[in-house]
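J.: First the structure, then my questions, so here it is.
The values are calculated or read from the model by the stated rules, or taken from the named source; none is laboratory data. As the structure is a computational prediction, the values presented were derived from the model and not from experiment. As a convention, Cβ positions derive from the backbone with ideal geometry for all residues, glycine included, and neighbour counts pool all protein chains shown. SASA here: full protein model, heavy atoms, side chains in, ligands and nucleic acids out. Shrake-Rupley method; radii C 1.70, N 1.55, O 1.52, S 1.80 Å.
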Amino acid sequence: MQVLQVQLEVGPDPAEVGRARRWARSRLVGSGIGDDEPLAETLILLISELVTNAVVHTGCPAVLRMLFGSAGGGAGTVRVEVADASDRPPLQRHAEGDDTNGRGLELVDGLADRWGWQPEGAGKRIWCEVDRCVPARPPVIQEQSGPRAAPGADFGPRGASGGMAHGGAHGGAHGAVPCAPSCVFMNRS
């Protein structure tokens, strides 16, 4: 499996969050994830939340890393990491009603397939992963010759004639075809 890693140093200024989003969007496009794909939007939101947390809550510079793993055919995992110099562990809060803060890690928990954090040097690294699934191929529909097909002929997945079979039932947070079940956890070490 090949892994492509890119990283950006982010200053301790909230304006850096917008720069990190623009940088990440261009790297996603460069990795083959279209700018208008739901997966791209999910990843940009995750990046925005993690970089905002690092910049706003620690007041320290941070490093944003994106790792693109590929198992071939476009499948694999995209891992986002944000490392900062603060040794304070992330705290998942639960926002109430009209609160404007406290939803960042809740969003990460809801959108990422996995996330967690670990100490790194004098600080920490918060990471999340989103599985990048291969879209389902449209089903192959076999045509029968002659004016009428034989009884019981297979016209696609549902065995119904005269209709168009559609593949690719979408699901998951980022609109991708569901992957094999994955463990969702937060590493609290």
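J.: Are any residues in segment 19-41 open to solvent by less than 10 Å² (accessible area, probe 1.4 Å) and either over 23 Å from Gly123 (Cα atoms) or of a type outside the set (A, V, I, L, M, F, W, C) (or both), and if so, which ones?
T.: Narrowing segment 19-41 to residues open to solvent by less than 10 Å² (accessible area, probe 1.4 Å): 20, 24, 28, 33, 40.
Result: Leu28, Ile33, Ala40.
J.: Please go through segment 115-134 and give me each residue that is out of contact with any Lys or Arg (no Cβ under 9 Å at 6 or more places or on another chain), among the aliphatic types (A, V, I, L, M) and in a strand (DSSP E or B), ordered by number.
T.: Ile126
J.: Of (1) modelled with pLDDT of 90 or more; (2) surrounded by fewer than 18 Cβ atoms within 10 Å (Cβ to Cβ), Gly156 satisfies all except one. Which?
T.: Just one mismatch for Gly156, condition (1).
J.: Go through segment 42-52 and report how many residues are over 13 Å from the mean Cα position of the chain (by Cα) and either without any contact (Cβ under 8 Å) to a residue 40 or more places away in the chain or surrounded by fewer than 20 Cβ atoms within 10 Å (Cβ to Cβ) (or both).
T.: Qualifying residue count for the region: 1.
J.: Which one of these is of a type in the set (A, V, I, L, M), in a strand (DSSP E or B) and open to solvent by 40 Å² or more (accessible area, probe 1.4 Å): Leu4, Leu67? Give the derivation first.
T.: Working: Leu67 fails: open to solvent by 40 Å² or more (accessible area, probe 1.4 Å).
Just a single option satisfies the conditions, and that option is Leu4.
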